[in-house]
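Derivation of every value follows stated rules applied to the coordinates shown; laboratory data play no part. Quantities reported herein were computed from a predicted structural model and do not represent experimental measurements. With ideal geometry, Cβ positions are generated from the backbone for all residues, glycine too; neighbour counts draw on all protein chains shown.
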Amino acid sequence: MNILFLTLTPVIGIAGTAAYTWYAGFHLWMPILMVAMYGAVGISICAGYHRFFSHKSYEAAWPVQLFYAFFGAMAAQNSILWWSSSHRVHHKYADKDWDPYNIRRGFWWAHILWIFYRNDQRDDTFANAPDLLANKIVMWQHRWHKAILIVGGFGVPTLIGAAFGDPIAGLLWGGFARIVVIHHTTFFVNSLAHTLGKPVFNAEASARDNWLVALVTLGEGYHSFHHRFPADFRNGIRWYQWDPAKWWIGALRLTGLAKSLIATPAPQIEQARMRAAIGLVQEKIATARGTIADEARRRLNVATRHLERAVALWRAGLEARAQGFATWRQQTRLSKRHVRRSRRHWKRAVRMLEQAA
């Protein structure tokens, strides 16, 4: 069934949409419908299935969960329960044999082929998701996700198309073409984001930060960060990094529909970045000789001391804030200052080692 569905949808969604549009004519509402459906369904996968249900990166009000359940089912990626359980297995066994979309088995296996094979080791009791088994919205969607896909994923765009005088165009653009885009951009996270890019936060893992994947997946391409800090509600931690799911969750918090957002402290992030960067030049650190090597090692030691101080200040700031002391703001600022100083030193050390003969 998976093979048939994933074979027919690209044929209908790409070739069928192109042929029908050539025959019947193009109108601006068609791509707008596809983009709007992609946005609602995509955010339900990224901010819903992934960051909320799989990783519990924040708490969401029941109307938001219902939105995720309804539009997420239209992605044709199975139910919240199935998707999240599989994703938790992926994180637990990333790059190992039990990883369902293990990139070590090849690009195309991680991208799509794993879906075509029965996994005999799969736990159909969903024992790793007791929180989801206790969630009434999740269990309702688990029973009805196929019906929602048919009625919502195909019926809604058909009705919208009918309102514009062309129900078939609505079905093709908002239904089939949109599903193809959602499928393969999501699959890129499992394949491209484990193949191309930089292992910014963990040099030993396959996960990579890939801005192009982030661009087409509403922010899911900063995958090295995500695998290092999976509980963080962000994937792109810089303000300029493309992560609409992060901004969506932030907007929900402003409206009171989300709370308890988990954000990794800056010292921990910087420590991971430094260790990953050092890991990439570890061999040169061991073999380097002379003045450049000595200076690089000195700078790494200084960077480490700044990070240790940053962590201490951050923890002191947490304690001060919990006790109601106003000093926590100053301690937080000082912690960030030490993080910046550490970054200057370890980046300079890494550049020196990379340039060393």
Quiz item: Using the Kirkwood formula over every pair of different C-alpha atoms, what hydrodynamic radius in Å results for segment 220-336?
Solution: 16.8 Å
Quiz item: Quick one: helix 266-280 against the long Cα principal axis of the chain, what's the angle to the nearest 10°, folded into 0 to 90?
Solution: 80 degrees
Quiz item: Just how far, in whole angstrom, is segment 198-270 from segment 111-178 if you go by their alpha carbon centroids?
Solution: 25 Å
Quiz prompt | Point-charge dipole on Cβ atoms (K/R +1, D/E -1) for segment 266-355, about Cα centre, debye to 20 | solution = 360 debye
Quiz item: Which aspartates and glutamates have a Cα lying under 20 Å from the Cα of LYS146, excluding residues fewer than 8 positions away in the same chain?
Solution: ASP124
Quiz item: How long are the three semi-axes of the equivalent ellipsoid of segment 157-291, in whole Å, if each is the root of 5 times an eigenvalue of the C-alpha gyration tensor, listed from largest down?
Solution: 39, 20, 9
Quiz prompt | Reachable lysines from LYS56, criterion Cα separation under 24 angstrom, eight or more residues apart if same chain | solution = LYS92, LYS96, LYS136, LYS246, LYS259
Quiz prompt | Mean-position separation - Cα centroids, segment 315-349 and segment 7-54, in angstrom | solution = 45 Å
Quiz prompt | In segment 171-270, the trypsin sites (Lys or Arg not before Pro) that fall in loop regions by DSSP, at most 16 other Cβ within 10 Å | solution = ARG238
Quiz prompt | Spatially proximal lysines relative to LYS336 (Cα-Cα < 21 Å; intrachain offsets below 8 disregarded) | solution = LYS347
Exercise. Round to the nearest 10 and give me the degree value, 0 to 90, for the angle of helix 178-190's Cα axis relative to the longest principal axis of the chain.
Key: 30 degrees
Self-check item: Dmax and Rg, reported as Rg then Dmax, of segment 297-357 (C-alpha, Å)
Solution: 14.7, 54
Quiz item: Add -39500 (n - 2.57) for each DSSP H run of 4 or more in the chain, then divide by its residues: what number comes out at 222 nm, to the nearest 500 deg cm²/dmol?
Solution: -18000 deg cm²/dmol
Self-check item: Relative compactness, the chain, computed as alpha-carbon Rg over 2.2 N^0.38 Å
Solution: 1.14
Exercise. Let me know the charge dipole size of the chain about its Cα centre in debye, to the nearest 20, where only the beta-carbon of Lys, Arg (+1) and Asp, Glu (-1) is charged.
Key: 1880 debye
Quiz item: Got a sec to turn the phi values of segment 88-103 into Karplus ³J(HN,Hα) couplings, 6.51 cos²θ - 1.76 cosθ + 1.60 with θ = phi - 60°, whole Hz, x for Gly and Pro?
Solution: 5, 5, 4, 5, 5, 10, 3, 6, 10, 4, 7, 5, x, 10, 5, 5
Quiz prompt | Where chymotrypsin sites (Phe, Trp or Tyr not before Pro) in DSSP loops with at most 15 other Cβ within 10 Å are excluded, longest remaining stretch of the chain | solution = 241-324
Quiz item: Short version: ³J(HN,Hα) in whole Hz for each residue of segment 132-145, in order, from phi by Karplus 6.51 cos²θ - 1.76 cosθ + 1.60 (θ = phi - 60°), x for Gly and Pro, what are they?
Solution: 6, 4, 8, 8, 5, 5, 4, 5, 4, 5, 4, 6, 10, 5
Quiz item: With axes computed from alpha carbons, what is the tilt in degrees of helix 29-43 against the longest principal axis of the chain, rounded to the nearest 10 within 0 to 90?
Solution: 50 degrees
Quiz item: How big is segment 111-172 by Rg and Dmax over its Cα atoms, in Å?
Solution: 17.3, 49
